[in-house]
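Read-outs: derived from the displayed coordinates by stated rules, not from any lab. If you're wondering where the values come from, they're calculated on a predicted model, not measured in any experiment. Heads up, the Cβs are rebuilt from the backbone with ideal geometry, glycines too, and the neighbour counts pull from every protein chain shown.
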Amino acid sequence: MGGFFGVAARGDAIEDVFFGTDYHSHLGTRRGGMAAYDKEIGLQREIHNIQNSPFRTKFEHVFDEMKGTSAIGIISDYDPQPLLIRSNLGTYSICTIGVVNNATSLIKHFLSYSGGHFDAMTGGNVNGTELVAALINQKSNFVDGIKFAQKEIDGTASILILKDDGSIIAARDKLGRLPVVVGKGEDGYCVSFESFAYRKLGYEDYMELGPGEIVQITADGVTQLAGPGDKMRICSFLWSYYGYPTSGYEGVNVEMMRYRNGKIMARSDMERGKSEGVDYVSGVPDSGTPHAIGYANESGIPFARPFIKYTPTWSRSFMPTKQNERNKVAKMKQIPVHDLIKGKSLLFVDDSIVRGTQLKETVEFLYENGAKEVHMRSACPPIMFGCKYLNFSRSTGVMELIGRRVIMELEGEEGFDYIDEYADSSTERGKRFRETICRQLHLASLEYQSLDGVIEAIGLDPCKLCTYCWNGKE
């Protein structure tokens, strides 16, 4: 996916943007970039590959190479950015978060009448951010251009633009699937994906952009250029997995939602007698841990950490680009605490179950170290649809999802007409679904959080939440 951070200040903005962007490293692992504006130098830009080295390491020399009172930065899982664009709107730098599903048709249409061109990457693909810029440039001003781009894009686009006068334009995607927040400091204003990123830098909450809202940020203030829309579909998976624990979206803190979510799962298990005989409740680290704490607190079963992730050298399990490499790294990171595993009945809570490959490795690892039983709880419903709105790192072909594979095994393609039943543990299809996954992953039991449970834990109106990956409803 990715995350961005920008600052417009009276003094130098590079340091805050360096640290603010680095605080988004949990959202992406492939590219990092910064752009800055200085009155004497103009616009500057630097991009690095961060697949095998963190953002901090690659950009530690930026203080000697860049200067400016305004700057933007981004962590991206895909295309290199920010880009420097020279167009009818002037020279500016731009970065985007989201996905453009209809890029091929947009490019074909653009080239058919513009007579222009795109800088093609390997394989002929076009940088998605360059495509967004090309759409914006079709209009005579940034506001109309951003609205046009977001209207034409099938997918999602939150946009950050650094203009050649030092001001920053920030636009949240039209349905607010991703957050964009603004902070106020003594020396200016900042804009961010994650709110904790600017709080650590001395900024305080100023405003959260609404769906499709566009603002211009300078050192002296924030001006609304376009008001928010009425319809919002913020991604529910942000709370379940992607969001950082100390952040909040639409007033709902991530860590607190996960505690509530675990509590709801425990309450459901207790009502059905499914947590009896468990010695310890544990979280699959790291994002499963708060869900597990909520479960343990509600159930009264002790919380423990039967294995610890070794993170000094392997900080991110999804860092390698190939799945088999990610699985190997994940296994290397698991260091057992034998006294908490041998002969014990363990109940683990994971943030989600996507392919099931790493989970199977984890379960085998626990049995190899003497576990008596391994029970699994997923903190969200079965993932049945690949996300088509956000460029998640773990996005995958739909038949790679363990939920889809199991339905195909049980009933063939006709089973996809009964996805709601398979997601529901009270139905015959739901019971067979869980029993099949238990056999495949060697689990003593398996249960998923219900969709109603996730929505209750978040606490927002269901019509404001995107739950597409679970129920396929837009």
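Under 20 Å from a label point set 7 Å out along the Cα-to-Cβ vector of Leu84, the amide N atoms of segment 33-64 belong to 33-49, 59-64. The trypsin sites (Lys or Arg not before Pro) found in segment 32-74 that occupy coil by DSSP, while having at most 13 further C-beta atoms within 10 Å, are Lys39.
Name the shape class, rounded, prolate or oblate, that the alpha-carbon gyration tensor gives for the chain, where a ≥ b ≥ c are the square roots of its eigenvalues, rounded holds for a/c under 1.5, and otherwise prolate holds if a/b is larger than b/c and oblate otherwise. Kindly include the intermediate steps, with their values, before the conclusion.
Details: a/c = 1.98, a/b = 1.70, b/c = 1.16.
It is prolate, given that a/c is not under 1.5 and a/b is the larger ratio.
Computed extension length for Met408-Asn101: 107.9 nm, one decimal, from 0.36 nm per residue of separation with the Cα-Cα distance subtracted.
Derived scalar couplings between HN and Hα for segment 157-164 equal 8, 9, 10, 10, 10, 9, 7, 7 Hz in order, rounded to whole Hz, by the Karplus curve 6.51 cos²θ - 1.76 cosθ + 1.60 (θ = phi - 60°), x for Gly and Pro.
Using DSSP to call loops (not H, G, I, E or B), can you name the trypsin sites (Lys or Arg not before Pro) in segment 394-474 whose Cβ has at most 13 other Cβ atoms within 10 angstrom?
Lys473
Measuring nothing but alpha carbons in segment 171-325 and taking Rh as the Kirkwood radius, the Rg to Rh ratio lands at 1.08. Per residue of the chain, what 222 nm ellipticity follows from adding -39500 (n - 2.57) for every DSSP H run with n ≥ 4, rounded to the nearest 500? About -9000 deg cm²/dmol. Each residue, Asp165 and Glu428, gets one label point 7 Å from its Cα in the Cβ direction; the gap between the two is 6.9 nm.
The phi-based Karplus calculation (6.51 cos²θ - 1.76 cosθ + 1.60; θ = phi - 60°) puts the 3J(HN,Hα) values of segment 420-431 at 4, 5, 5, 6, 9, 5, 7, 8, 5, 5, x, 5 Hz, whole numbers, x for Gly and Pro. Multiplying the residue separation of Glu15 and Lys184 by 0.36 nm and subtracting their alpha-carbon distance yields 59.2 nm.
Straightening the chain between Thr223 and Asp461 buys 82.8 nm, computed as 0.36 nm per residue apart minus the Cα-Cα spacing. Listed cross-link partners Lys108/Lys174; Lys139/Lys163; Lys163/Lys184; Lys274/Lys344; Lys108/Lys151 are compared with a 22 Å cut-off, the Cα-Cα value being larger for Lys108/Lys174. Sequentially through segment 34-46, phi angles give Karplus couplings (6.51, -1.76, 1.60; θ = phi - 60°) of 9, 9, 9, 10, 10, 4, 8, 7, x, 7, 10, 8, 8 Hz, Gly and Pro residues having no value and appearing as x. Enclosing the Cα atoms of segment 2-231 in their convex hull gives a volume equal to 114 cubic angstrom per residue. In summary, segment 252-471 shows an alpha-carbon radius of gyration equal to 0.98 times the 2.2 N^0.38 Å reference for compact globular proteins. A cut-off under 10 angstrom between Cβ atoms defines the neighbours of Gly288, and their net charge, with Lys, Arg +1 and Asp, Glu -1, is -1.
Using R0 = 60 Å, the C-beta based FRET efficiency linking Asn125 and Glu276 works out to 0.65. Between Glu60 and Asp417, the simple label model (points 7 Å from Cα in the Cβ direction) yields a spacing of 6.1 nm. For segment 1-132, the spread of Cα positions along the three principal axes, ordered from largest to smallest, is 45, 34, 20 Å. For Tyr280, the amide hydrogen comes within under 5 Å of the amide hydrogens of Ser345, Leu347, counting only partners 5 or more places away or on other chains and with H modelled in the peptide plane. Taking every alpha-carbon pair in segment 118-231 and binning the separations at 10 Å intervals from zero gives 14, 42, 31, 12, 1 percent.
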